[in-house]
Amino acid sequence: IHLHYYHHHSQRSMPLSNYLSGGSRHHDDSGCGNGCGNGDGCGHRMGGVGALISVTCLLVVVGSLPSADATPPNKSPLAQPALSALQSQETNGSVAVEWVNLERVAGQGQGTPPSPHSLINLTLAGYQGWFATPNDTDDNGWIHWGPLADGPPGHGIQEDFWPEMSEFTPAEQHPAPGYTNADGTQAHLFSSDNAATVLRHFQWMEAYGVDGVALQRFDVEVGAIRHKHVIEYALTAATATDRVVYIEYDMSGMKEADIVPTLTKDWATLVQSNVTSHSQYLHHNGLPVVGIFGFYMDRFSATTAAAILDIFQKGEPTEKAFVAGAGQWFWAKSQPTPEWTAIFYRMGSWSPWNMGNWNGNADDPHAAVDYWAADKANFESHGVIWVPEIYPGSSTAHRDRKPPGTGRIPRAKGAFLWEQFAVGTKLHVQTAFVGMFDELDEGTQILKVVNDPPPQAVGDIGYEGMPSDVYLCWVGKGSAMLRGDLPYTATRPDCPGLTQPTIPVVHPAARMVGKPSSRVDAGVIVLSWEPAIALRGGGIVSHYEVLHGGVVRRTVDAATLSVAIPSQIGAHAVRDGQVRLQTWRVRAVNSLGNAGGWSLRQTV
């Protein structure tokens, strides 16, 4: 196999690897040009420079699709080397299915992407990004998973849920000492200090409709190199998936005297490092958004609180920001001084931190939301955007070293979460904060977890027998209901029946220079991908849908893993007199009829 591309400006032939890592260039999966990223199906992602790729063999991919039940734990087919799927036409006898022979179906893109220019109409999740393991990028041992290396094997885990790891690649999986899966194979955990893992999380957000994240930043970890990595990974992933990101400082545990100097210095560093000027960094009213959690009147004085706000509202012009405050939900009941009252009304937006505020009835759990209407009206009368914190429940037995079931707010199969979205919709809430995306420590996460955790993790729980993606689904549906894209319903959607297959991993598109005897015309562009996995409860993978040129077409079956597009419609679109690279994406559909997330955009 010989791959090269021809640079039409420098007249040089260069390695394909250079093309794949090329600079920024407009490209388009709908025939669009400028103005991409506004819901018109256009793309605006990284791509190589103009290219001609020649291949001396036809790219052919054939194979059967495993389901989650048939795939051994931690043996994901996504981990297979991409080139293992390349075979020559002469030896294989099979060819990629021709694009024109695929059935055209309704559907395009992943919906309108969230705008990074406004806080309104967004549902954002807190993203801790604090998990670390031995042999990850920073290699500082087990962090936030618990002291797995300090005691006997099979002890130390501090989470009550075990993450679903079946679709992670081997490079993302780190063996947990002494913990095995139900079948006896080694159990694994992930590290947030891994670009592929952060990207995977953001792909889940795009697939299910979570608009973006508030990336948590703690005083004790501000200087940690892995947190610098996670910011970089998150911004890169947000670009690839059309999500938004902003920094949220968590002041928990900080000494009062350290708060102002620490935030002042760190924010200046982030601004100078161009973090806040990134295209996917969230802005509101023209200012970068900064979240600040921890406004509790018993933690520091009103004078310190005012100084915190002054950093972002009265500081250097280049460092001014829109403050998204969060903290004491019951502040109005706590006889605030006039000085503290003024602090709350200086916020740009306010999130009353509601986690742990519930009726206390484990048999019929409900979050306490009776104060929401009055609190919302109060803040909005002072020009402050009111953003409720919505959470799915919690569980902290392992973290607190207590008996199983201790410290648990039951999730009630999603009813606890959905009721909060329903109340918010009735109150015409425009923006919501979900606590949290990956907070496994407190059991408030919405990411995928297993229902059959390692038996050594005594007392670990799952999602009550439901598919691993149900809470991603409910948050996405709740977000759509808040925006008015879905009608109001007090009854939670059937997310167990809406479980999605995993997102396919695609190969770089390749142009074939065929022989006269080829069964596909010479000059076609071949698009291929690795098989997806059907999550447990999601049947099997039925077929794939391919998006190219604004058109979605479907394969006949799950065994078809490549498509041949005629070169005259494949690689370029002309708009405003400019030639632009087009892109393509693919997604899997399971036997329940549910489509999964689109793959990352690839230039053709």
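Legend: residue pairs Lys255/Lys477; Lys376/Lys402; Lys255/Lys320; Lys228/Lys376, Cα-Cα distance threshold 32 Å; pairs beyond threshold, Lys255/Lys477; Lys376/Lys402; Lys228/Lys376.
Compute the length gained on full extension between Ala377 and Ala196: take 0.36 nm times their separation in residues and subtract their Cα-Cα distance, giving the result in nm to one decimal. Numbers along the way, then the final one.
Details: separation 181, 0.36 × 181 = 65.16 nm, distance 4.23 nm.
Net length gain for the segment: 60.9 nm.
Projected label points at Lys314 and Ala559, each 7 Å from Cα along the beta carbon direction, are separated by 7.3 nanometres. A 1.4 Å probe over all protein chains sorts His507, His278 by accessible area into His278, His507, starting with the largest. Take the Cα pairs of the range 272-411, get the Kirkwood Rh, then feed it into Stokes-Einstein at 25 °C and 0.890 mPa s and tell me D in µm²/s. It comes out at roughly 144 µm²/s.
Would you kindly state how much longer the chain becomes between Lys402 and Ser301 on full extension, computed as 0.36 nm times their sequence separation minus their alpha carbon distance, in nm to one decimal? Write out the running numbers ahead of the final one.
Values: separation 101, 0.36 × 101 = 36.36 nm, distance 3.41 nm.
Length difference between fully extended and current span is 32.9 nm.
Across the protein chains, with a 1.4 Å probe defining accessible surface, the residues His548, His117 rank His117, His548 from largest area downward.
Each listed q (0.12, 0.18, 0.21, 0.23 Å⁻¹) maps to a log10 I(q)/I(0) for the range 342-421, found by the Debye formula over equal Cα scatterers with no solvent: -0.44, -0.78, -0.92, -1.01.
Heavy-atom accessible area for Glu103, with the other protein chains in place and a 1.4 Å probe, reaches approximately 110 Å². Projected label points at Asp364 and Tyr345, each 7 Å from Cα along the beta carbon direction, are separated by 4.0 nanometres. One chain, two ends: Lys426 and Asn140. Fully extended at 0.36 nm per residue, the span grows by 98.3 nm beyond their Cα-Cα distance.
The values are calculated or read from the model by the stated rules, or taken from the named source; none is laboratory data. Please read all numbers here as calculations on a predicted model, not as lab measurements. Counting neighbours? That spans all protein chains shown, and the Cβs are built from the backbone with ideal geometry, glycine included. Protein only, heavy atoms only, side chains kept; ligands, DNA and RNA dropped before computing areas. Shrake-Rupley method; radii C 1.70, N 1.55, O 1.52, S 1.80 Å.
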